[in-house]
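What follows is a short report on a single structure.
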Ligand code: 5GP
Ligand code: ZN
């Protein structure tokens, strides 16, 4: 069995609250939500982080964004908008070393970057 938490979630060995799924990616609610909608989108293949993505694996990023669109749709936040966050490495507080996209929304989000 893989030691990676998200690989175990994808395999169904650790329970998760499934939101959406495609051939390449899986989406489930974050266990510690920071917004009314907080969903994680992960590729079904193990990639350690965005910094480890190879040219051959590059299409999984597109697959993740397409699934994030579906997450926004089924969560009812596609019109109101949402934020996609990807933490990479220690200074970004990345805590699970399996590539993941945070989909956050359902409220006006703090931290306007403009
Ligand atoms: P990071 O900090 O690495 O960008 O995000 C990891 C996220 O995974 C955190 O928001 C954390 O709450 C979430 N998380 C960690 N373990 C689990 C788990 O076992 N189940 C679920 N659903 N989320 C998890
Ligand atoms: Zn993994």
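The values are calculated or read from the model by the stated rules, or taken from the named source; none is laboratory data. Values in this document were obtained by computation on a predicted structure and should not be read as measured data. When we count neighbours, we look across all protein chains shown, and the Cβ atoms used for this are built from the backbone with ideal geometry, even at glycine.
So the values come out like this:
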| read-out | value |
| --- | --- |
| Some residue of the stretch 78-90 being surrounded by 12 or more Cβ atoms within 10 Å (Cβ to Cβ), farther than 26 Å from residue 112 by Cβ and free of Cβ contacts under 8 Å to residues at least 60 places away in the same chain | no |
| Residue 61 at pLDDT 95 or above and either over 13 Å from the mean Cα position of the chain (by Cα) or away from ligand 2 (no atom under 14 Å from the Cβ) (or both) | yes |
| Subset of the stretch 17-37 [surrounded by 19 or more Cβ atoms within 10 Å (Cβ to Cβ) and within 25 Å of residue 57 (Cβ to Cβ)] | 19, 20, 25, 26, 27, 28 |
| Qualifying residues in the stretch 14-37 (those that are away from ligand 1 (no atom under 11 Å from the Cβ) and out of contact with any strand residue (DSSP E or B) (no Cβ under 8 Å at 6 or more places or on another chain)) - the one nearest to residue 79 (Cα to Cα) | 22 |
